[in-house]
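These notes concern the structure reproduced below.
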Amino acid sequence: MKNYIILLCSAFLVFSCQTKQETSKEEDPRMAGFKGKIAKTFEDSVEDWPEVETFTGKDPNVLIILLDDVGYGQLGPYGGLTETPNIDKLAKGGLLYNNFHTTALCSPSRAAILAGRNTHSIGMGSHALSAMGFPGYAGRVPMEAQEVTKIAQKGGWTTYALGKWDHTPGFQTHQIGPYTYWPTNDGFDHTYTFMAADANNFTPVMYAGHEPIEPSRGNPDYHLSTDLSNKATHYLTGQASIDPDRPFFMFWAPGGMHAPHHAPKEYIEKYKGKFDMGWDEARKKIHKRQLELGVIPAGSALTERNKEIPAWDSLTADEKRMYARQMEAFAGQLEHLDMEIGRMLATLERIGKLDNTLIILTSDNGASGEGGLSGSHNEMLIVNSQQTRLEENLDRYDEWGSEATDNHYHAGWALAGNTPFKYFKQTVHNGGIKDPLIVHWPAGIKGKGEVRNQYHHIIDIAPTILEVLDLDFMEEIDGIKQMPIDGGSFAYSFNAPDAPDQHTTQYYEMYGNRAIYKDGWKAVTIHGNRMPWDFAGTYPFDDDVWELYNVKEDFTESNDLSQKFPEKLEDLKAAWEEEAWKYNVFPLYDDLGARFSNVAKIYAPQRKEFIFYPPGAVRISEPYSPPVKNKNHSITAYVDMPKEGASGVLVAAGGLYGGYTLYVKDNRLVYEYNAYNEDRFTIKSNTALPKGEVVLKAVYEVNEDKTAVVTLFVNGEQVGQGPVNRTHPGQYSLSETFDVGQDTGTPVSKHFTRENKFTGNLDRLVVSLK
């Protein structure tokens with residue numbers, strides 16, 4: 001009996017183990033999805049290979065060319081006075097839209113074009129650098145609003161982002177991450193970008209993926225537009241060679257035509273004297289050409305010059321000479337950029353992809369009036385709420401458009417660039433929001449060189465791409481439920497020129513400027529009558545004066561009907577408020593200076609002491625660097641000086657157009673403050689540096705008028721002192737960075753070159769706030 005029980009238990013255990021083993025095989029995650037059979041021998045087993053993604057070669061490709069600060073009247077097909085033969089060719093082979101709208105600013109438009117949603121819905125109601133702690137202005141696109149590239153990527157398209165990407169928060173723009181809001185997390189397989197509002201076109205601060213690089217080193221002929229065109233050609237030919245049937249999606253966003261207006265000298269000189277007629281005459285010429293080309297309806301009036309812009313004939317000879325030069329540089333850069341676009345188009349044709357590539361060329365907003373009423377050799381003056389003296393600009397006349405200038409043009413040229421409309425970027429009159437849009441897709445569009453006049457908005461581009469690519473909107477991406485898309489496809493207009501509008505209502509808000517379009521009518525106001533070159537101040541919203549236009553009949557917003565139809569105006573204002581509540585537009589706040597500085601206060605590292613260790617402490621974004629502007633602080637470097645002496649940069653913030661640096665030259669310690677590349681203050685030690693382990697220190701003490709005194713110490717002994725009589729209240733640069741042990745990008749000081757690494761041993765550098 002005892003033996004029987006033992007045998008019974010043994011049998012039960014064997015049965016239990018076999019059952020458990022079989023169950024575990026079925027639940028083994030390593031076997032998930034396997035439909036074959038596994039036996040002890042290969043002959044008794046059945047293979048099951050994972051499916052390989054295949055393509056027919058018939059899927060459309062996508063190329064978005066997103067220009068920067070290009071107004072309605074600046075490209076050749078829209079009546080512009082600059083030669084743009086390659087963009088002209090695109091328009092002649094495709095469709096030209098004359099009723100397309102953007103958000104009036106770069107960051108919001110660049111988020112909206114790929115997300116397909118209203119900007120306040122996705123936290124981008126303004127620039128990422130002027131974010132606020134409210135849902136509509138968070139400065140970060142939420143994971144619930146993934147971009148169309150994410151859907152294309154999951155559908156099998158190879159995705160590329162090249163050029164400007166300026167809606168990543170500044171405090172995350174460095175090489176250690178997190179990369180939550182970088183293009184690498186927005187559905188792009190390959191990225192080659194500058195992560196800022198603009199770039200020095202001769203010495204840009206670039207990122208290959210997450211890796212900071214300086215592609216211009218060793219290349220005296222470098223230009224960013226050429227680099228981006230070369231990179232596009234590299235990717236496109238590589239894809240066509242390796243997997244020619246696989247479709248691609250490329251987002252190509254050059255630095256042009258945002259300031260600085262940098263171009264090879266021969267392109268600028270080509271336009272010498274071409275703009276001596278001035279902006280008033282230029283507006284008339286552009287308007288005439290627009291009527292002849294049919295890109296504005298017959299009979300459309302040219303709006304009056306804004307009262308803020310002086311008549312060209314009222315200017316002095318020196319002003320005319322300087323301002324004409326500013327436009328020559330802009331035109332030179334635009335033609336050079338057009339040439340590089342032509343090289344990309346030639347590549348597409350060479351690899352047989354041009355006909356079946358949906359090319360969308362547009363701008364992020366209207367022409368920029370941020371150059372103010374004098375233009376500037378250094379746009380950082382404007383960013384810091386300062387106008388540039390004519391004499392300072394004239395001193396740089398011969399080098400205008402070279403790297404010696406961070407140049408921007410007079411707002412009068414922006415007004416001409418927005419012909420036939422009034423106002424500029426940032427405003428939500430047509431001068432700020434109505435932009436060129438050219439669509440080229442021979443495989444899917446029958447018409448050539450035709451004009452489409454249906455009302456569309458930048459949020460309509462993403463759903464258009466989804467329709468063309470035959471991709472469904474994804475309700476959930478990576479486990480996150482997605483917000484509905486606000487825009488609608490305009491593919492219906494491709495082959496139906498007379499199709500009725502499908503986008504019938506659209507609100508606008510930018511820094512308090514507000515508008516609403518509804519069924520052919522538009523109500524609009526400039527908040528506080530603030531012009532885009534004014535970054536400070538606050539104004540009562542209730543005092544704003546609203547205008548009313550029937551834009552179906554009045555294409556250029558020339559005839560204000562607010563007094564004639566007051567009830568209609570009130571209805572539209574009520575409709576604007578309804579949309580504003582729906583899309584997170586509130587609260588309204590208009591002090592741009594306060595908003596910019598508040599972001600810096602919130603997200604700057606909250607420390608009193610910063611310790612940096614070379615060689616890795618480089619390419620730190622200015623918003624994430626020690627917040628020392630107009631504050632008492634000290635910089636202490638712990639170095640080992642070799643017997644033969646040493647030289648090079650200990651720390652630098654900013655670059656050629658503004659910043660500060662502490663460095664060693666001729667065996668002396670030197671502190672230099674570069675104020676706008678106009679004034680430079682240099683304090684040098686009065687004794688040579690000793691050998692061996694040395695403590696080098698600069699103490700910065702602020703005066704009541706925001707000037708400062710800098711005192712230098714070596715091993716605790718004072719060795720020099722001097723004044724800093726002019727400072728930056730805001731940023732030194734929009735793209736240059738904070739570096740320890742070297743100065744990347746352009747050098748802050750003219751006393752050292754780009755090869756400026758400290759040749760001694762820098763153990764650490766400490767910045768202390770007092």
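The values are calculated or read from the model by the stated rules, or taken from the named source; none is laboratory data. Model, not experiment: these values are computed from the prediction. Cβ sites come from the backbone with ideal geometry, for glycine too, and all protein chains shown count toward neighbours.
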Quiz item: Considering the stretch 597-627 alone, what residues qualify as being of a type in the set (Val, Ile, Thr), in contact with a Phe, Trp or Tyr (Cβ under 9 Å, 6 or more places away or on another chain) and surrounded by fewer than 19 Cβ atoms within 10 Å (Cβ to Cβ)?
Solution: 602
Self-check item: Residue list for the stretch 95-122, filter: buried (at least 24 other Cβ atoms within 10 Å of the Cβ), over 15 Å from the mean Cα position of the chain (by Cα) and in a loop (DSSP other than H, G, I, E, B)
Solution: 116, 117, 118
Practice problem: Search the stretch 723-742 for residues being more than 15 Å from residue 629 (Cβ to Cβ) and among the polar types (S, T, N, Q), and hand back the single one that is surrounded by the fewest Cβ atoms within 10 Å (Cβ to Cβ). | Solution: 725
Quiz prompt | Output for the stretch 661-681, where each listed residue is more than 12 Å from residue 726 (Cβ to Cβ) and aromatic (Phe, Trp, Tyr) | solution = 663, 671
Quiz item: Does any residue of the stretch 77-85 turn out to be within 12 Å of residue 437 (Cβ to Cβ), part of a helix (DSSP H, G or I) and either in contact (Cβ under 8 Å) with a residue 12 or more places away in the chain or in contact with a helix residue (DSSP H, G or I) (Cβ under 9 Å, 6 or more places away or on another chain) (or both)?
Solution: yes
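Can you tell which of 621, 634, 562, 597 is under 21 Å from residue 730 (Cα atoms), of a type in the set (Ser, Thr, Tyr) and at pLDDT 95 or above?
Details: 621 fails: at pLDDT 95 or above; 562 fails: under 21 Å from residue 730 (Cα atoms); 597 fails: at pLDDT 95 or above.
Step by step, each of 621, 634, 562, 597 is checked, and only 634 is under 21 Å from residue 730 (Cα atoms), of a type in the set (Ser, Thr, Tyr) and at pLDDT 95 or above.
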Quiz prompt | Sole exception among (1) among the charged types (D, E, K, R); (2) farther than 21 Å from residue 193 by Cβ; (3) in a loop (DSSP other than H, G, I, E, B) for residue 69, by number | solution = (2)
Quiz item: Does residue 187 meet the test of being out of contact with any helix residue (DSSP H, G or I) (no Cβ under 9 Å at 6 or more places or on another chain) and in contact (Cβ under 8 Å) with a residue 40 or more places away in the chain?
Solution: no
Quiz item: Which ones in the stretch 237-256 are buried (at least 23 other Cβ atoms within 10 Å of the Cβ) and either among the β-branched types (Val, Ile, Thr) or part of a loop (DSSP other than H, G, I, E, B) (or both)?
Solution: 247, 254, 255, 256
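What number of residues in the stretch 705-722 are in contact with a strand residue (DSSP E or B) (Cβ under 9 Å, 6 or more places away or on another chain), assigned to a strand (DSSP E or B) and farther than 30 Å from residue 592 by Cα? Reasoning before the result, please.
Residues of the stretch 705-722 that are in contact with a strand residue (DSSP E or B) (Cβ under 9 Å, 6 or more places away or on another chain), as a first pass: 707-716, 718-722.
Next, only the ones that are assigned to a strand (DSSP E or B) stay: 708-714, 718-722.
Keeping just the survivors that are farther than 30 Å from residue 592 by Cα gives 710-714, 718-722.
So the answer is 10.
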Quiz item: Among the numbered criteria (1) in contact (Cβ under 8 Å) with a residue 12 or more places away in the chain; (2) part of a loop (DSSP other than H, G, I, E, B); (3) more than 20 Å from residue 97 (Cα to Cα), which single criterion is violated by residue 327?
Solution: (2)
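Show me the strands (runs of 3 or more DSSP E) entirely contained within the stretch 473-576 in which 1 or more residues are charged (D, E, K, R) and farther than 30 Å from residue 374 by Cβ. Before the answer, list the steps.
Numbers: elements: 505-510, 513-518, 521-525, 547-550.
Where strands (runs of 3 or more DSSP E) fall fully within the stretch 473-576 and carry at least 1 residues being charged (D, E, K, R) and farther than 30 Å from residue 374 by Cβ, they are 513-518, 521-525.
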Quiz item: If only one of 350, 343 is farther than 24 Å from residue 75 by Cα, out of contact with any strand residue (DSSP E or B) (no Cβ under 6 Å at 6 or more places or on another chain) and either in the same structural domain as residue 129 (by TED's automatic domain parsing) or among the charged types (D, E, K, R) (or both), which one is it?
Solution: 350
Quiz item: Only one of 549, 511 is modelled with pLDDT of 95 or more and at positive phi; which?
Solution: 511
Quiz prompt | Where a residue in the stretch 435-447 is outside the structural domain of residue 345 (by TED's automatic domain parsing) and its partner, wherever it lies, is assigned to a loop (DSSP other than H, G, I, E, B) and of a type outside the set (A, V, I, L, M), with Cβ under 9 Å and at least six apart | solution = none
Exercise. Working only within the stretch 577-605, note down all residues that are assigned to a helix (DSSP H, G or I) and hydroxyl-bearing (Ser, Thr, Tyr).
Key: 597, 603
Quiz item: Residue check: is residue 321 assigned by TED's automatic domain parsing to the domain that holds residue 256, in a helix (DSSP H, G or I) and more than 27 Å from residue 86 (Cα to Cα)?
Solution: yes
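For every residue, the table says whether it meets (1) touching a residue at least 12 places away in the same chain (Cβ under 8 Å); (2) in a loop (DSSP other than H, G, I, E, B); (3) closer than 13 Å to residue 114 by Cβ.
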residue	(1), (2), (3)
153	yes, no, yes
159	yes, no, yes
167	yes, yes, yes
171	yes, no, no
Exercise. Go through (1) surrounded by fewer than 22 Cβ atoms within 10 Å (Cβ to Cβ); (2) on the phi > 0 side of the Ramachandran plot one by one and return the number of the condition residue 745 breaks.
Key: (1)
Quiz prompt | Flag if residue 637 is in contact with a helix residue (DSSP H, G or I) (Cβ under 7 Å, 6 or more places away or on another chain), assigned to a strand (DSSP E or B) and surrounded by 20 or more Cβ atoms within 10 Å (Cβ to Cβ) | solution = no
Quiz prompt | Sole exception among (1) part of a helix (DSSP H, G or I); (2) within 30 Å of residue 451 (Cβ to Cβ) for residue 266, by number | solution = (2)
Practice problem: All but one of (1) out of contact with any Ser or Thr (no Cβ under 9 Å at 6 or more places or on another chain); (2) under 27 Å from residue 283 (Cβ atoms); (3) of a type outside the set (Val, Ile, Thr) hold for residue 375, so report the exception by its number. | Solution: (1)
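Kindly evaluate residue 743 against the criterion of being outside any strand (DSSP E or B), under 25 Å from residue 689 (Cα atoms) and touching a residue at least 60 places away in the same chain (Cβ under 8 Å).
Yes: the conditions hold for residue 743.
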